[in-house]
Amino acid sequence: MNVKRSLLFIIVLCLTLFFHSSAQAGEKNKPEIKSVSAILIDGKSGQVLYEKNSRKKMYPASITKIATAIYAIENGDLEDRVKVSKNAAQTEGSSVYLEAGESVPLKRLLQGLLMNSGNDAGTAIAEHVSGSVKQFADDLNAFIAEHAGVHDTHFVNPHGLFDKNHYTTSADMARITEYAMKNKTFRALFSEKQTSWHGQTWDTTLKNHHRMLTGEIPYKGITGGKTGFVDESKHTLVTTATRGSLNLIAVIMKADSKKMMYSDTKTLLDEGFHNYETQELKKGEAFTDQNGTSHELKNPLYVTKKKGEALSENVDSDGILNIKGEDGRLLQALQIAEPFSAEISSGTDAVQGPPQSKGGLYLFVFGLIGLLTASYAVKRMRQL
């Protein structure tokens, strides 16, 4: 009986050590992020390179203004002169000190919104573009759902002042920023470090609050950013950066301090730039399905992979081009043909998704092997 117990103990111990060491090996390579929520994506491929609580609904504070800006750019005329209302001028919080009745070009208000985080500018923009703050919020929510594909976000104002019904996720903010960065005008405004401001009662030089963008915290390749803070959200930060083939977007939510949010952002960007590269599959590039039929890409397809990693491609029976890494993990999937075995429903569009990890599958397989091994050992012990 002692032999049987000893054998069982050894088997259980070996399995425990195996799974523990496997889990540690996977965890030790991940960046250590102290903020409550964070995500890193590549803006070209849309692939998620790191995430922590990225689907957790949280208060965004002033990073809301990224969504406000892209909506106003695409639905307003930048040359319009906006008459500032009393309601806008009295908006609390950070400000560009607008006066009721003052007339300001929409483009200037956007600069005040993004660079100096002017809440009064946000209200003035909302009232001009949609007629009221409430209508603007409704319009904005519909816009980001349609164009950025976000579904865990609900905004009730254009500036991010606290409201329990004003929330988003770091994943959604990454997607909103990814969409916004495709707009040339937005990119130009988002990257501005300073500009002169000549208001009715305030003459000054606006300086961007994002310290990595201005160079106060040096980091190569920063192309834009937006800070945020209210007591309920703590510190939030969105940062874009480009080096080589990568266009990274890092989002930090609920950092305890400015030091933490910048440190976490640097850690995320380092993770991306040190370990990944993005490869372009060009428009017109052909891929052969299982029947020997060739299908060409109608648009470029970007794939973010580990540096030096070889890719494999196949077109499956559903007409989906699957791009995989060396370890078999799915990096991109794109519909390029009709399914071979069934008619495709009308109006089906190409579907491009983020990378999917097969870690869960591997864990299941190893777990199954472990259970079978234990079962066999128990059976053998019964025979002793």
Report summary line: Every listed condition ((1) surrounded by 15 or more Cβ atoms within 10 Å (Cβ to Cβ); (2) modelled with pLDDT of 50 or more) holds for residue 11 save (2)
Report summary line: When segment 323-337 is checked residue by residue, the ones that are within 11 Å of residue 303 (Cβ to Cβ) and surrounded by fewer than 16 Cβ atoms within 10 Å (Cβ to Cβ) are 330
Query raised in the report: From the set of residues in segment 64-113 that are farther than 25 Å from residue 251 by Cβ and basic (Lys, Arg), which is surrounded by the fewest Cβ atoms within 10 Å (Cβ to Cβ)?
Result: 86
**Report entry** Residues that are within 29 Å of residue 301 (Cβ to Cβ), part of a loop (DSSP other than H, G, I, E, B) and touching a Ser or Thr at 6+ places or on another chain (Cβ under 7 Å), drawn from segment 44-83
**Finding:** 44, 45, 47, 54, 55
Requested in this report: Any residue in segment 162-175 that's of a type in the set (A, V, I, L, M): show its pairings with residues that are part of a loop (DSSP other than H, G, I, E, B) at Cβ separation under 7 Å, as long as the two are six or more apart or on different chains.
Outcome: 171/54; 171/55; 173/60
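Suppose the filter is assigned by TED's automatic domain parsing to the domain that holds residue 188, surrounded by 24 or more Cβ atoms within 10 Å (Cβ to Cβ), in contact (Cβ under 8 Å) with a residue 40 or more places away in the chain and small (Gly, Ala, Ser); does residue 122 pass it?
Answer is yes for this residue.
Identify all residues within segment 276-292 that are loosely packed, with under 12 Cβ neighbours inside 10 Å and on the phi < 0 side of the Ramachandran plot; write none if there are none.
282, 283, 286, 290, 291
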Query raised in the report: How do the strands (runs of 3 or more DSSP E) wholly within segment 247-335 filter down when requiring 1 or more residues that are of a type in the set (Asp, Glu): which remain?
Result: 276-281, 294-296, 312-315
Query raised in the report: Just a yes or no: is a residue in segment 90-102 farther than 19 Å from residue 224 by Cβ, of a type outside the set (A, V, I, L, M, F, W, C) and not in a loop (DSSP other than H, G, I, E, B)?
Result: no
Query raised in the report: Given 79, 92, which one is charged (D, E, K, R), under 24 Å from residue 197 (Cα atoms) and touching a Lys or Arg at 6+ places or on another chain (Cβ under 8 Å)?
Result: 79
Report task. Taking residue 31 as meeting all but one of (1) within 16 Å of the chain's Cα centre (by Cα); (2) modelled with pLDDT under 95; (3) of a type outside the set (S, T, N, Q), write down the number of the exception. Result -> (1)
Report summary line: The residue from 254, 266, 259 that alone is out of contact with any Leu (no Cβ under 9 Å at 6 or more places or on another chain), surrounded by 14 or more Cβ atoms within 10 Å (Cβ to Cβ) and over 23 Å from residue 67 (Cα atoms) is 266
Report summary line: Among the residues of segment 88-126, the number that are charged (D, E, K, R) and over 21 Å from residue 75 (Cβ atoms) is 3
Report summary line: By my count, strands (runs of 3 or more DSSP E) wholly in segment 128-244 with at least 2 residues that are more than 27 Å from residue 77 (Cα to Cα) are 222-230, 234-243
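Kindly indicate whether any position in segment 108-126 is more than 22 Å from residue 90 (Cβ to Cβ) and either in a helix (DSSP H, G or I) or at pLDDT below 95 (or both). Don't jump to the end; show me each part of the working.
Within segment 108-126, the first condition is being more than 22 Å from residue 90 (Cβ to Cβ), and the residues that meet it are none.
The answer is no; no qualifying residue exists.
The values are calculated or read from the model by the stated rules, or taken from the named source; none is laboratory data. In this text the structure is predicted, and so the values were computed from the model without any measurement. Backbone-built Cβ (ideal geometry, glycine too); neighbour counts: all protein chains shown.
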